[in-house]
Every structure is written in C-alpha cells, then in structure tokens.
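Single-structure report; data block below.
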Number of protein chains: 4
Amino acid sequence: MSWNTFGRVLRFTTWGESHGPAIGAVLDGCPPGIELAEADIQPFLDARKPGQNKFTTQRKEPDEVRILSGVFEGKTTGTSLSLLIENKDQRSKDYSEIAKTYRPGHADYAYDAKYGFRDYRGGGRSSARETAMRVAAGAVARKIIGGVSILAYVSEIGGDRIDPANFDREEIARNPFWCPDAEAAKRWEALVDDARKAGSSLGAVVECVATGVPAGWGAPVYAKLDSDLAAGMMSINAVKGVEIGDGFDAARLTGEQNADAISPGEDGPEFAANHAGGIAGGISTGQPVVCRVAFKPTSSILTPVASVDREGNAAQVRTKGRHDPCVGIRGTPVVEAMMALVLADHMMLHRAQVSER
Amino acid sequence: MSWNTFGRVLRFTTWGESHGPAIGAVLDGCPPGIELAEADIQPFLDARKPGQNKFTTQRKEPDEVRILSGVFEGKTTGTSLSLLIENKDQRSKDYSEIAKTYRPGHADYAYDAKYGFRDYRGGGRSSARETAMRVAAGAVARKIIGGVSILAYVSEIGGDRIDPANFDREEIARNPFWCPDAEAAKRWEALVDDARKAGSSLGAVVECVATGVPAGWGAPVYAKLDSDLAAGMMSINAVKGVEIGDGFDAARLTGEQNADAISPGEDGPEFAANHAGGIAGGISTGQPVVCRVAFKPTSSILTPVASVDREGNAAQVRTKGRHDPCVGIRGTPVVEAMMALVLADHMMLHRAQVSER
Amino acid sequence: MSWNTFGRVLRFTTWGESHGPAIGAVLDGCPPGIELAEADIQPFLDARKPGQNKFTTQRKEPDEVRILSGVFEGKTTGTSLSLLIENKDQRSKDYSEIAKTYRPGHADYAYDAKYGFRDYRGGGRSSARETAMRVAAGAVARKIIGGVSILAYVSEIGGDRIDPANFDREEIARNPFWCPDAEAAKRWEALVDDARKAGSSLGAVVECVATGVPAGWGAPVYAKLDSDLAAGMMSINAVKGVEIGDGFDAARLTGEQNADAISPGEDGPEFAANHAGGIAGGISTGQPVVCRVAFKPTSSILTPVASVDREGNAAQVRTKGRHDPCVGIRGTPVVEAMMALVLADHMMLHRAQVSER
Amino acid sequence: MSWNTFGRVLRFTTWGESHGPAIGAVLDGCPPGIELAEADIQPFLDARKPGQNKFTTQRKEPDEVRILSGVFEGKTTGTSLSLLIENKDQRSKDYSEIAKTYRPGHADYAYDAKYGFRDYRGGGRSSARETAMRVAAGAVARKIIGGVSILAYVSEIGGDRIDPANFDREEIARNPFWCPDAEAAKRWEALVDDARKAGSSLGAVVECVATGVPAGWGAPVYAKLDSDLAAGMMSINAVKGVEIGDGFDAARLTGEQNADAISPGEDGPEFAANHAGGIAGGISTGQPVVCRVAFKPTSSILTPVASVDREGNAAQVRTKGRHDPCVGIRGTPVVEAMMALVLADHMMLHRAQVSER
C-alpha cells in the first residue's frame, strides 16, 4: 500500500488526471482463470458515470473501459490487468481562474505547498475522476470474491435521514440518489435541487453492507479488516469519517447493550445483533460487514468564498466548472468498489496463510 | 503495512501476547543521530500503564521498556530499534473458562474461525496489551517530528460530553480520565464508578490534535494522511469509528458552511475555520490536524451475556479477569502515539520525494 | 516490491503481453518539478528496439512511448506517471504451435503448471518485450539521479571476451553489440551470424558501471544496494547470474588481495582498487558501482529440441518466430535501466532517512 | 521488503548489533498450527555457531534461541513469532582501534558516510552476527515448506574446487567445511589453516540445492523466484555473486547445449538436464532449485592494509578481534536458511493467488 497503490496481495495502482488524455489502473495479483470482459466492468462504471441527471455534474463522459492486458481468451491469466478509460469531455478553459487562486476546501493549496505547483485543470490528480478506476478495479474484485454480495446506499443527505422502516432494497436503483427509502428520495429531490440552484452543495452518508463474508478474513494487528476498510474509505475524495458497525453510537452504549449475544445455530454460531458490524479483533465473524462513510458537501460551489491567490493576495472564489451538488451520491458505487477490493485482498491473504490442508 | 507491521518508510512491527513472557516492537527506518534513551519512552508508558486507579484494570504492570538495539552512545544509529517490555503480572488462571467459551464482542470466535485455535490467555495477541508497544514506538516518533505537538483527550464517556467552554489543557493530566473539562471529569467519576460496580462498561470518544504540522505532508492517492490516520486509529483495540475534522458533522453542513475561508496572513494563508481538520486532498494544510476516535464499551463485563462454547453449546459468559470499565481512557495515549507514528512516517515520505534542493 | 512492481520509494509497475494491444508502466513516487517529455525517453527505447540489424529479432516495433499522466506543462507533478507503447508488429500466427507444446528453456511449462493455462502468443507476459517498459522507466530514473552516469556494455559473447586493453567507451555505440572493443566486435559479427544461420543462439555477459554515486546510498540489511541490484538484474529475462565488483573472482582472492586499500584524498578517501564494486556492507562507498550480468543463450532456436505437448506426449520443438540470436545484446539497455532505477530509488530512500538538516 | 525486513507474505525483521545485549528476529505471517519449539531451531543455530573449531572465529556464543511469542501449547498461532538470542561473549575492547579507523573492505566508511557515525563494536549492525537470526527464522521456514529438502555445501575454497566425482552427501557434516568431497576437505584443512596463520583469509563458493519444490512457485515479473533468491543471497554478508543453475557458465553455451530437453514421464514432464536450475520465467519447474553463491575472503585480517582514520589521515589497519579465516564456511547454513525463507514465502504467495478450488 503506497502513494498510488492500494492492497496487500491483490494490489491496484491508479494513474491519470481529470483533464489528461486518459485515466487507468493496473490490478495486480488477480487469480488466474476468472472469466472477465469489459462487459463485466462497464455496468459499474455506468452506475457511477457523470452527466446522468441534474443531480450530478454535467460533464459527459462515456467512461468506456478497455482491458489492455492480463486477459487471454476471455479469462484472467494471473498477470497484471491494465484498465484504461479515455477522457472525452475535458473543458480546461473552465479552470483558468483556478490556476491562480486556491479554492477553499480543495487540495489546491496543499498540492502547491507540497509539490511547488500542480495540474490545476479540473483538480488534476486530486479530482474525484480517479475514483472511476476504483470502480473498474472493484468490478474485478467482485468476481474474485464470488459469493459475497455488496450493497451500498445513501442513508442521509444534508442531515435528512432515511427511515429504516421504509428500507426497500429494490428502490435503490430506481431513484438518482441510491436511496432505499422512496419517501426520502422524494424529499431529497427538492433538497438537492434547491442546493444546486442556490449555488450551494450538500453532504451525505453512505452505508455499505457485505453479506456472505465467511468468518476468518482479516489479520491481526495492522492488517485488520476494519483498519483496511477505514484506509480505503478515507482515501475516497471528500470522505471525512468512517464507522464500522455502530461506530460512534457504540461509544454511547454500555457493554451489555453493545454485546452481540451468541446462540447455537445450525451452521455455526448465530448472533442476536450486529453492533460490531461483522468484525471482531479485526477479523470477520460471518455476520454482514457493515461500514458507514461520511462525505462532506462538494467544495466546488458557485457561492463566493474568501481565499487567496498564489501570490498571497486576497481573492473571492466562485467555482464555475461542472460539479456534483452532492458528491456523496456518485461516491456510492465507489464505496462498494472499495469494500469489494478490501474483501478480495483479505480473501487472498487468508488463503495464503491458512490453507485447507 | 502488513499483518503486524505499520508504516511506509518509518515502519514498526509488534509482537507478543498478553500472557506471554514479554511484548516488543521493532522500529525500522528511524533517522540516525537522534538522542534516545529509555527515559524518553518511559513517561509515555507510565501514562498508559494499567493499575493506576480504580477506573482502569487492576493488573499491575511496571511496563519498563528496554532498548535492545539501534542506539549507540545515546543516539539512534539509523538501524532497527528493538524495544522490549517483560510481562510481570499475568494471571492465566483467570482465563481458564474463556478457553472453552466465546466472549461476545471479543475476537475469540473470529480467531478460532480463522486459525483453528487461539492463545486464550488474556486474549493473547488480540489483547489491548499490544498497544503498550505502540506507545513506546510513538515516543520515538515524537522525537523524529520534533516541532510538532500532539495532544489527545477524552471528549465523551457514556454519551456525556465535555463542554468546550470549559476546555482547559492543563486539566487533562490532573484527572484519571484525560478530561480537559474539570466539571465533566467530576461527573465521569461517578459515571464510570457506577458502571464498574454494576459489572458494566462504557464507551468513549477521544480527540487528538497535532499542531505544528507544516503544509505538504501526505500523498495522493492511497497514502493520504487522513487515510493512514484512519488505518492507524481503526487498528486500535475497541475502536469503531474515525473522523477527520468535522467528520460526520461535515455531512450535515452546506458547502458554504463547510468551506474554510482563506485570507492572507504574514506567514502564508490563514484559515477562518478548520472544518477540514488540517487535511485537504490527503495533504496537510498547515492547520492543526484533528482526529476523533470512537471506542466501544469494554466487551469484558461481569454482567452475563449469552454465548456458545467451542462445541457449539449454549453458554452464559461472565468475564471475570481484571478489565478497564472504559477502555477509551487508556486508549488516549495510544491515539496520541498513532498520530505521532503516522506523522513521522509522512514527514520522512515527504522528504524522500520533495527535497530542498 | 511485488509481482509486477519493483522499488521501495520510487516504484514502477509494468503490464502488457508480447502480443496484446499495448504494454505499459506506471512509475510512482517520482519527485516533482523534473522536466520530462517523450523525447527524454525515446532515445533509450530506440537503443533497445528490435529489428535494427540482423543480430537482433526481425520484429519491427517503432516503440513510440506516450506519457499519459504525471506531467504538466513539461514537468513531473509528483503523481503517478503512466507510460504506454502500442504493439504494432505482432504476428500471432507464428506461435500457433507453441500453444500446444512446451518450448524447453522457456516459461511455457512453468506458467501452465502455475496458472493452468497461459497467453502463448509470443510468450505473453514472460516475453522480453516487457523490458521495453523498464527502459522507459529507467530513462525517467536517470533524470532523477542527475549527476550519476551509467554505462553498460557487452563484455563477452559465446565465451569470447573483450580485451580490457582495447576498451574504448566511444566504440560502444558504433557497433551493433554494445561492444567497447572494436576487434571483439568484428569477431562477434561472424560468431553471432554463424549462430543465427545455424539456427542456434549464444549467451553473453553484460557489465554495467555507474559513476558519480555518492557514498551512503543503500541500507542495511535487506535493502542493501547490492541486494536490490541483484533482484533487479535477476528479474531480467534470460539472466542467470549477477556479480558485484569482482563477484565470483573475489572468492578466489586472499583477504589482502581483495582489500581495496584506502588513502587520504582531496575530496575524501581514495581507493587503490575497486574489488568491492563500489559497495560495502550494502552501502555505496563513492567508488563506481560495478555489476556484471550473465545472459543465457536465447531459448527460442530453430534447432529442434525434444519436449512434450500439453497432453504429455513427446514432441520435437523448433521455435520459428523472430528471435534474437543473442538476447544479451538487447539486454544491455535493460541492465542500464535497472541500474538507474535501483539507484534512483536508493537516492530517495537515503533522503527520507538522512536529511541535510 | 525493506530495510531490515525480508519477504512478501512470510516476512521477517531482524534487529541487533554484534556487541549489543541481544539479537532477534520477528517472523510474521507464519501459518497457524505448526508444531514449533526451541528444539526445532537450535540444531541449525548450533551448525552455524562460532567457536567450534580453529577454522572459524574463536568467539564463544552458545546462541541459545528463545521463542517469546507466537507459539501456544507447542503450536504456531499465526501471529508474529519473536525469536531472541542473548549475546554472551562480546569483547568490545578488541575494537577500540576500529572506532577511529576504517577497515578496508568493511562497511565502516560507508556507514559513517551514510549515518554520520556508527556502532563500531564488532561491526555493529553490519556484522555477520545478524545472520544467526536468519538461520533461526529459516528453521521455521523449513517447517512451513515441509516436503522440500534443502542442502547447501561449500564447493570451492580459495579457488580449490571439489571434484563432483567425489560428491558424498554424508560427508558434508563430517568435516568442518561443509565439504561433500572428503579429499577436498583434507586439502582445505591445510589451505585454511595456512591462511589463518599467515593473518590472511580466503573466499569460498557455496552451492545450495532444494529438492521437492513443486512446479509453479514464483511470480512474474518482479517477484520471480530467482530474483528473490538473488536478493536474499546477495544480502548475506560478504556475498559478491549469485548464480541460478549454470549461471555465468550458461553464457558460454549455445542454445541447444543449454536447452533442458523434456520427455514424457510418469509424474509429469522429465528433464534431461537442469541448466536452468529449476526455474524458468521466474517460476519453478519441478526440478531441483540450484543456486551458487560467492563469498569474498574475510575482510578482517591481521595483515596490515593501508587506510585512513576518521579525520582523513593515513593509517595502517590490522584487524585483531576474532575472525573467521573463511566466512563462506559459516555462511553455508545461512545460504540454506535464505533458500528456505524464499521458498516458504513463495509457497504462501502461490497459495494466495492460485487456490485448489
């Protein structure tokens, strides 16, 4: 795990800037013999791609992925998989102003402070465009973990939460918010649209649940499953918080309340609750693995904010460009992808150390 | 970063079980020429060590650290530092029952599911005793980062929060809770004592602030400073959530509210607020780095909880042993240590890539 | 360092098969602000590229490299560099026979044994075509290490060695063998041509010297400069041996003979000899870093060799295709590239740990 | 793999100086459930330990290893194994002179150039004493790889080679040289004794053969089995060259001579020869894995050599201390250990990627 690479055994490296000619990923360590074609990856990219409705950025990217290596006669060979997406709809002129001024909440100032300069077109390497490659790599990871099912959805936008009583898995794909509560989706339509029109933006909370993870994945002490999930989720653009299971709410329970009581079951122990989010001591327990991720509101807003330019003079910044009024929405498929990638890595790690001899 | 090793350039590896003969860490990559003696490390271990008052476990461990390598004539040589603490007060008889039964909320079942068996004495490798070595390694990391000052404190126990208006840095070391609010500390005394007497336990939230971190530490995209902090904090025993800056609260703000407006300052840009917690795009901005960590209530409680034994039969578990009624308290120095270790690693990473040529 | 990634701080990952649509590399960790364009890389690829004369494979590849990320306005940004070369002259029909039969000396059988199948077109991932990307990445590494000068040459083909008395640095680029001895180059012309016509092949020894490496690069114990060089060189296709300094000959000297006596010099110690090849205890001494690399004869020969097919039946294999009669020749720029990559990585590692404060 | 850590999945980290209180290793990633006690490790340490006869250093170290973690009720738990050996017979006074003067051929000058100073007692971290921990870790690795048998022996001292016709496996343990040729052993007795009396030293070549390695271990491209072996062997003190199979001799063969012809066998392909040393394309072929390692003559000799002191003044150096007249001899168990560690790591890597599903 380092710089632009994530993972231990199953490792992926991403490259590319928002306004460069292309973006890509190299996925290394993939098991051989897995059937894989662009068509296995494309649906996940389509789910994340921009310009699909007025609640996301109006940049139009077909996001067509090509597999350039590592597949032969329709199957993974076990060697490095190269995935590439060409950038089509860059409009660099939109960003001329940003070249000289630091957008508050953005990486502009930090990049300049670190590297002395930056690729300012569309945020360059700090753009959320990078996450398209996570989604592509995540689609491959899903094939590796087979039986595991991963589902992410938005549980909260601008402080307005879904009602668990309304939870309907089928609803998630029916609205533009990945929202499992039809009523909340309706409310969010007005909420997000108002923010967009006001030149403002909203934050969101995304929840992700992986079912079918067997007990035993994860490793003490610094490769804990939850530690790797936290690293993966926190590396997503705009993410400011990660919880496993009850997360911060667990800090407000007593020991008895928080204990997931165990009882004998037909296929092993059964748990009366899942406060732990399916992970104990960093290792999966066989319960659903549950993760919650907080996205801050998009920093690129039309409302002017005080800032400085590169020479240190005061400036007002209005970020024109084309931006998501709520980045958390398009972050949802990215959260799913990171869950898939971390789980696939840990499946392989587990297999390395503990064989079925 | 893998299994029992954490870090990229400055790496530490820990070993040892709660009831084995000793625990230890090897810290590798430390710069040469730093003055270092056991006396630089011991105060931090003393702050974390058990048995100091009725609000922590009654296990009595002197936790005396020895430096076995990597220091010559009082200075680090740049080679691997070996740190060792002997275990003195193991009472393995307390744990005989646990050998056969799974304690809910503990790693017992997950370890058995993974490895086929486990060292059940005091939790073995999954015990929080491992964190003593993080504190020791963290003390060395502090010397590496020199000018950076790190302060952690408990901001909430059992849902009872400190009042920011009462914040007094000096108060933190005066009470057994690392609490910066004298009034809250008084309330917590009753709260924690009641939980302890009731055979229950409480969760806590720990906040950590690092000041003096220059702009530019951290690296895109998978070595983001916040991503590494999240990994480090989530790997601490009992931690279930990590926030940077406003964390989950940022998800409830609008873009304008969340923007940390910038103005010209004498020594570079000045920020009107720090919602971002000192990190943008994964790179430090020069503001204080702020992290919040949620600790669940101690899983080891005297109150009986339903569980199963290794054969799958129903069982009631009361964890006798000697345990912290609120692990978050003793987790505070560990949070500080992880902050120091992540920052030192990133200072060195930054230096590797960006020299002052 | 793992699977398809090499390096510690400066890391590169390669992908691509001999007959896939393209090959590529991602170079991560590169310092920012280095002037870089395709024109800085192309000459090194041109030096390695196939089809230039009758002593190398007749495959015609322009090997035109494109930089797809990591450079902005002519300078490296410090983020991941993506380098890509399209494959143009694949002739997969040549390899139809190989699909079913194992070529002795090749990776065919080993890949099948490991993965269950393989991309047999041109050797797939095991093809020396992968080394083009090392040459491309190496060109960037040269810019990082600036003042260091790296020179590799062929010192021996088919057992016929150069005469050190004839060594002429200028001669190296004048003949198709990277041979610094004009007379040897003349002899090799006949030697290699005879082997080619006979459907045979020859081995070679390549020497590489890096001057200008300051004392202090390398790290104890498992990141020794010579250990990393050995790993890098041995990973080149067809390499079977690596020596540092006098290598195996040092095993035949006495301690006094092998000692590189030191005397006071104006700019630090001076050495009377360089049996050590510029490395002591894994760390550079300031003398030239010297490495020798043995290439076996090309395994793909027209002379039939006994083998088996995938079903285990006896078969005779004649490898038609288009092959180098002596792979060591085209390996020379690859050896240079690996030297550059290892040195650049260690320059950065050194800087991480030992600053100039 | 970095600094003081070696390996990818099975990783070990060593620490300790020649004259510090102890040396140690942490072996991480070990599979659970392997029976392990000190008695499994001690014989290998006894084989390497100093002071056993006049052909090795007269330092007397019992080299008694203790297992401090990772084993419970006689079996590995899958968590980090801590191994420790106390140093007993340090005589630091012997080294007072070395503090000020650089021993030619030693790491003295390079360490000072890198770190600004060094632990000069007995070479500190650059001492071959570190290799005791590799032997200890290697003993555990042997248990992991089970059916694989590893044998190393000295094939050459001071240029005097064994006669393959005299090869007798049983002879190896019967003489103080790990020599499989009784006649050569007799000659070496005089050879090494003469060198010792003359205050000189001799180099040696060690060969290592691993049988029972299944086809399929190793990974393209930068985790090739031979690349990792080269890194491991070259990291051993005093090693200057590594060959796989025929090594440099392969560079003098023609393609037909070097081809290991394959024929149908009962249990898979059979090979007519093993020029390749059991590795093709970086992956094991099922043949014996063969490695040859060149050790330079011990640099610590009584014969004076010209050098300089720390202030840059000319000096004559005679290294008194207690030294091996031929370090290659005691290097033999270390070569075996590194072979075991690399193979065990690759067995686990292979298992991670290619399961038996």
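Among residues of the range B:252-275 being farther than 22 Å from A:Pro325 by Cβ and under 29 Å from the mean Cα position of the chain (by Cα), the one that is surrounded by the fewest Cβ atoms within 10 Å (Cβ to Cβ) is B:Asn274.
How many residues, within the range D:294-320, are in contact with a Gly (Cβ under 7 Å, 6 or more places away or on another chain) and closer than 30 Å to D:Gly232 by Cβ?
Going through the range D:294-320 one residue at a time, the tally reaches 8.
Beta carbons closer than 6 Å, at least 6 apart along the sequence or on distinct chains, pair a first residue in the range C:282-299 that is within 9 Å of chain D (Cβ to nearest Cβ) and in a loop (DSSP other than H, G, I, E, B) with a second that is surrounded by fewer than 24 Cβ atoms within 10 Å (Cβ to Cβ) and among the hydroxyl-bearing types (Ser, Thr, Tyr) for C:Pro297/D:Thr254. Here's a check for you: in the range C:28-84, which residue that is touching a strand residue (DSSP E or B) at 6+ places or on another chain (Cβ under 6 Å) and hydroxyl-bearing (Ser, Thr, Tyr) is farthest from A:Ala113 (Cα to Cα)? Only one residue tops the list, namely C:Ser82.
With the requirement that a residue be within 13 Å of chain B (Cβ to nearest Cβ), over 18 Å from A:Lys296 (Cα atoms) and in contact with a Ser or Thr (Cβ under 6 Å, 6 or more places away or on another chain), what does the range A:187-219 give you? Matches in the range A:187-219: A:Val213, A:Ala215, A:Trp217, A:Gly218.
Here the condition is being under 23 Å from A:Asn274 (Cα atoms) and at pLDDT below 95; of B:Asp112, B:Asp119, it holds for B:Asp112 alone. For the range B:225-257, filtering for residues that are in contact with a Lys or Arg (Cβ under 6 Å, 6 or more places away or on another chain), facing chain A (nearest Cβ under 7 Å) and under 23 Å from A:Asn258 (Cβ atoms) leaves 4. Within the range A:334-345, residues that are modelled with pLDDT of 95 or more reach partners that are of a type in the set (Lys, Arg) with beta carbons closer than 7 Å, at six or more positions or on different chains, in the pairs A:Val334/A:Arg48; A:Val334/A:Arg134; A:Ala337/A:Arg134; A:Met338/A:Arg134; A:Ala340/A:Arg142; A:Asp345/A:Arg8. Determine whether B:Ala141 is modelled with pLDDT of 95 or more, over 20 Å from B:Pro288 (Cα atoms) and under 16 Å from the mean Cα position of the chain (by Cα). Judged against the criteria, B:Ala141 is not a match.
Which one is nearest to the other protein chains (Cβ to nearest Cβ) among residues in the range B:303-357 that are closer than 27 Å to B:Arg161 by Cβ and assigned to a loop (DSSP other than H, G, I, E, B)? It comes out as B:Thr303. In the range A:311-327, the residues that are in contact (Cβ under 8 Å) with a residue 24 or more places away in the chain reach residues that are of a type in the set (Phe, Trp, Tyr) and in a strand (DSSP E or B) with C-beta atoms within less than 8 angstrom, at least six apart or across chains, in these pairs: A:Cys326/A:Phe295; A:Val327/A:Phe295.
Look through the range D:142-172, keep the residues that are closer than 19 Å to D:Met348 by Cβ and out of contact with any Gly (no Cβ under 6 Å at 6 or more places or on another chain), and return whichever of them is surrounded by the fewest Cβ atoms within 10 Å (Cβ to Cβ). By that ranking, first place goes to D:Gly146. If only one of B:Ala280, B:Ala223, B:Ala273, B:Ala259 is modelled with pLDDT under 95 and farther than 18 Å from B:Val206 by Cα, which one is it? It is B:Ala259. Yes or no: C:Tyr109 part of a helix (DSSP H, G or I) and either farther than 30 Å from A:Ser126 by Cα or in contact with a Leu (Cβ under 8 Å, 6 or more places away or on another chain) (or both)? Yes. The set of residues in the range A:165-174 that are out of contact with any Pro (no Cβ under 7 Å at 6 or more places or on another chain) and either within 14 Å of another protein chain (Cβ to nearest Cβ) or under 26 Å from A:Lys143 (Cα atoms) (or both) comprises A:Glu170, A:Ala173, A:Arg174. When A:Gly105 is tested against the conditions (1) modelled with pLDDT under 95; (2) touching a Lys or Arg at 6+ places or on another chain (Cβ under 6 Å), the lone failure is (2). For the criterion of being of a type in the set (A, V, I, L, M) and either closer than 21 Å to C:Gly20 by Cα or in contact with a Leu (Cβ under 8 Å, 6 or more places away or on another chain) (or both), C:Ala141 passes.
Got at least one residue in the range C:147-161 being of a type in the set (A, V, I, L, M, F, W, C) and free of Cβ contacts under 8 Å to residues at least 12 places away in the same chain? Checked the range C:147-161: no residue is of a type in the set (A, V, I, L, M, F, W, C) and free of Cβ contacts under 8 Å to residues at least 12 places away in the same chain. Residue-level check: of (1) crowded, with 17+ Cβ neighbours inside 10 Å; (2) facing another protein chain (nearest Cβ under 8 Å); (3) under 17 Å from B:Cys326 (Cα atoms), B:Thr131 misses just (2).
The values are calculated or read from the model by the stated rules, or taken from the named source; none is laboratory data. If you're wondering where the values come from, they're calculated on a predicted model, not measured in any experiment. Every residue, glycine as well, gets a Cβ built from its backbone with ideal geometry; the counts of neighbours run over all protein chains shown.
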